[in-house]
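The values are calculated or read from the model by the stated rules, or taken from the named source; none is laboratory data. Predicted model, so just to flag it, every value in this text is computed and none were measured. Glycine also receives a Cβ, built like all others from the backbone with ideal geometry; neighbour counts cover every protein chain displayed.
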Amino acid sequence: MDDSTKAGGFAYLFEKFPSFSQTFCFREVAEMRRQGIKCPVYSVREPTGEPPQDFPEGLKEAITYLPACFHEWTGSVRHRRKTLQCTIPKMVKRWGDEIEKRRIHEALWLAEDFQRRGIRHVHAHFAGLAARTAYWLHDLHGVAYSFTAHANDVFCDEPKHRLETMVAGAKVITTETEYSRKFLQDLFPKYADKVYRTYNGIDISRFIPGTEKSNPPVIISVGRYIEKKGFADLISACAQLKDLSFVCQVVGRGPLEEELKNQAAAMGVGDKVQITGPRTESEIIEILSRASLFVLPCVKSCDGGSDNLPTVIMEAMAMALPVISTPIAGVPEMVIEGQTGYLVPEHNPDALAQSMREILSNPARADQFGKGGRALAEDRFDIARTVQTLRDVLEQHEAFRPRSRSILSSLWS
């Protein structure tokens, strides 16, 4: 019995898997498999140049990577060529151009592999490349699809007309916060009943709050070095706390790395603010265990993008750290003002510095916020619970129901 049979004809489809910046994806797949859904995983692209990461044991064997080039494969069989030729005009009519025609090649390739493995429902993450491929897979061969919408993929990246076609074709859409659920329902009221909130989760058991804290205190932040993380505001806030003894470690990687280092030096806090580069999940957990405060001052970027449910905030909460962030998108569903930390206005280093000073100067309040965050993480973001919620939604829409061979074969007739 192969994995697709055990999963009832269900598979995952990603643009790139596993990805350093999307650890929540492989955590979800690993937990889904742990709960008995031994689903195969398809990835359109193979990751290259990724930092080391803690990859769940046994998951790599479940991944199938699509070919890098399809021209010879598509051109070698008449019905593939004919389908491609007939579908490109449909793509131009619906999406305005044929820039995405590779999605048709991918859909054709997946259709044949899905037929062989008995897969009838595919779930993608992000309303992006993988979801677009799933859309054409459904259009050409009737394979049902669903996708999880996250943040910029629906806030700003995907053109509304194209996103609407994907929403219309999907059997169900999940999204990671109440904020983004309402955003999609307001954007596409006709399809509001398709949209469900299912939080991302973490394996709480991996996060054991530390008892030995660093001296001087460590302020920790984690994320890609890009505008929407608000690291420039964090450095500016640190510059207002020169009278305090602390170290601020900003873990990640990205295009703004040198700019952030230069800002810290120019503001006279090059000795206090460390732009460390990437770390594995285990290394980040170790840093969190010694830290006294987690700060992620998220902002809306100039293109309208923002974070929605930053995984790193969950991890900090699970480590019983007080958290300071901003009331952007779904962040207030994690950071409860006055209970698990503070929410300060975006682009306000003064307010950020004041809240940081208050927590660093008040160990009792820091401990209270940390305990509140740990309790909320256990209740809301434990991955066993979040994946079960996702499973319930998918099962409600028959994603795991095997289809008989005769009916399955008719999809490709």
> When residues of the range 267-321 are filtered for being under 22 Å from Leu352 (Cβ atoms), small (Gly, Ala, Ser) and buried (at least 20 other Cβ atoms within 10 Å of the Cβ), how many remain?
Replying inline: 5
> Among the residues of the range 234-249, is any touching a His at 6+ places or on another chain (Cβ under 9 Å), buried (at least 20 other Cβ atoms within 10 Å of the Cβ) and closer than 18 Å to Pro310 by Cα?
Replying inline: no
>> I'm told Pro216 meets every condition in (1) assigned by TED's automatic domain parsing to the domain that holds Leu390; (2) surrounded by fewer than 20 Cβ atoms within 10 Å (Cβ to Cβ) except one. Can you identify the failing condition by its number?
In response: (1)
>> Let me spell it out: the conditions are (1) under 23 Å from Pro51 (Cα atoms); (2) at pLDDT below 95; (3) basic (Lys, Arg), and Lys213 meets all of them except one. Which number is the exception?
In response: (1)
> Which ones in the range 45-60 are in contact with an Asp or Glu (Cβ under 9 Å, 6 or more places away or on another chain) and either acidic (Asp, Glu) or modelled with pLDDT of 90 or more (or both)?
Replying inline: Arg45, Asp54
>> Which pairs turn up if I take residues in the range 49-68 that are within 23 Å of Ile284 (Cα to Cα) and in contact (Cβ under 8 Å) with a residue 40 or more places away in the chain and look for partners that are part of a loop (DSSP other than H, G, I, E, B) and aromatic (Phe, Trp, Tyr) with beta carbon separation below 9 Å, at least 6 apart in sequence or on another chain?
In response: Pro51/Phe20; Pro52/Phe20; Gln53/Phe20
> Within the range 300-321, restricting attention to residues that are in a loop (DSSP other than H, G, I, E, B) and either in the same structural domain as Thr23 (by TED's automatic domain parsing) or of a type in the set (A, V, I, L, M, F, W, C) (or both), which residue is farthest from Ser214 (Cα to Cα)?
Replying inline: Cys302
> Within the range 207-218, is there a residue that is part of a strand (DSSP E or B), in contact (Cβ under 8 Å) with a residue 24 or more places away in the chain and over 24 Å from Thr175 (Cα atoms)?
Replying inline: yes
> If you check Ala366 against the conditions, is it without any contact (Cβ under 8 Å) to a residue 24 or more places away in the chain, assigned to a helix (DSSP H, G or I) and in the same structural domain as Ser245 (by TED's automatic domain parsing)?
Replying inline: no
> From the set of residues in the range 173-212 that are of a type in the set (Ser, Thr, Tyr) and more than 17 Å from the chain's Cα centre (by Cα), which is surrounded by the most Cβ atoms within 10 Å (Cβ to Cβ)?
Replying inline: Tyr191
> If we keep just the residues of the range 19-70 that are within 23 Å of Leu394 (Cβ to Cβ) and among the basic types (Lys, Arg), which is surrounded by the fewest Cβ atoms within 10 Å (Cβ to Cβ)?
Replying inline: Arg34
> From the set of residues in the range 331-348 that are in contact with a strand residue (DSSP E or B) (Cβ under 9 Å, 6 or more places away or on another chain) and assigned to a loop (DSSP other than H, G, I, E, B), which is nearest to Ile202 (Cα to Cα)?
Replying inline: Met334
> Out of the range 219-261, which residues are over 20 Å from the mean Cα position of the chain (by Cα) and either polar (S, T, N, Q) or outside the structural domain of Met319 (by TED's automatic domain parsing) (or both)?
Replying inline: Ser236, Gln240, Ser245, Gln249
>> I'm trying to understand the selection: among the residues of the range 345-380, which are surrounded by fewer than 15 Cβ atoms within 10 Å (Cβ to Cβ) and closer than 22 Å to Ala239 by Cβ?
In response: Pro345, Asp350, Glu358, Ser361, Asn362
>> Considering only residues that are at pLDDT below 95, of a type in the set (Lys, Arg) and closer than 23 Å to Val29 by Cβ, which ones fall in the range 370-413?
In response: Arg401, Arg403
> Of the residues Ala111, Ala130, which single one is aliphatic (A, V, I, L, M), assigned to a helix (DSSP H, G or I) and touching a His at 6+ places or on another chain (Cβ under 7 Å)?
Replying inline: Ala111
> For the subset of the range 97-148 comprising residues that are among the small types (Gly, Ala, Ser) and under 27 Å from Asn308 (Cβ atoms), which member is surrounded by the fewest Cβ atoms within 10 Å (Cβ to Cβ)?
Replying inline: Gly128
